Amino acid sequence: MKYPGHYVSYLVEFHATRDFFECHELLEEYWKEHPEDERALIWVGLIQLAVGQYHERRGNLAGAAKMYEQALGKLTAVALDSLGLNGAKAVVELEAVLARAKPQEDVISPVYQDMTLEIVDAELQVLCEQECTERGITQKQWGLPSDMTDEALIHRHTLRDRSDVIAARAEAIAARTKKPSTHNR
């Protein structure tokens with residue numbers, strides 16, 4: 001498969017909904033399910049890029065800068081070109097958002113702006129358009145700036161239901177602390 005469905009969904013979330021938390025979730029799921037994928041490092045870089053956008057939008061510039069730096073270590077123009085994107089343009093934009101997120105003395109932090117990953121492969125563009133149509137997302141939504149008044153979008157990680165994760169962790173802790181009987185009756 002040239003473009004995994006999770007990647008197409010990532011691009012739709014990245015550009016049409018601006019749900020960077022969901023971008024992270026989508027590609028992380030794919031990456032974990034396909035550890036042998038030769039593009040694993042690129043998937044991790046794209047995950048870090050989305051997390052950087054999420055942090056920066058929330059005003060966590062230190063977290064954003066850390067994620068952007070890590071993403072830059074994995075995302076090359078050639079790698080991004082292989083995913084149907086304008087790789088050179090994406091790397092330049094990623095370097096710019098990293099510079100914007102790094103703290104600078106006596107400089108007021110610039111206003112947040114969403115990144116855009118320019119799709120240059122017509123086949124990938126069609127796949128993204130098809131998913132948008134299936135999900136009821138209009139062409140007008142593609143590339144719009146994040147809705148900074150949408151608390152559910154901006155603070156998604158703090159508002160999501162984590163009861164299943166908490167329960168699984170509690171079970172794991174209980175299993176580790178439960179000691180088998182060492183004496184016979």
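The values are calculated or read from the model by the stated rules, or taken from the named source; none is laboratory data. What you see is a predicted model; the values in this text were computed from it and never measured. In case anyone asks, the SASA skips ligands and DNA or RNA and just uses the protein heavy atoms, side chains included. Shrake-Rupley method; radii C 1.70, N 1.55, O 1.52, S 1.80 Å.
For the stretch 97-152, the fraction of C-alpha pairs farther apart than 19 angstrom is 51 percent.
In this structure, the pairs whose alpha-carbon distance is over 29 Å, taken from 2/140; 66/89; 74/140; 32/140; 2/89; 66/178, are 74/140; 32/140; 66/178. For the stretch 55-148, what % of the accessible area comes from carbon and sulfur atoms, probe 1.4 Å? Taking all protein chains in place, the stretch 55-148 shows 56 percent carbon and sulfur surface. Take the stretch 1-99 with all the other protein chains still there, run a 1.4 Å probe, and you get 39 Å² of accessible area per residue. Directionally averaged projected area (the stretch 1-53, Cα convex hull): 3.2 nm².
Translational diffusion of the stretch 1-120, estimated by Stokes-Einstein from the Kirkwood radius over alpha carbon pairs at 20 °C in a medium of 1.002 mPa s, is 150 µm² per second. Each part gets one Cα centre, and for the stretch 36-62 versus the stretch 114-131 those centres are 18 Å apart. For residue 85, the residues whose modelled amide H falls within less than 5 Å of its own, excluding neighbours fewer than 5 places apart on the same chain, are 120.
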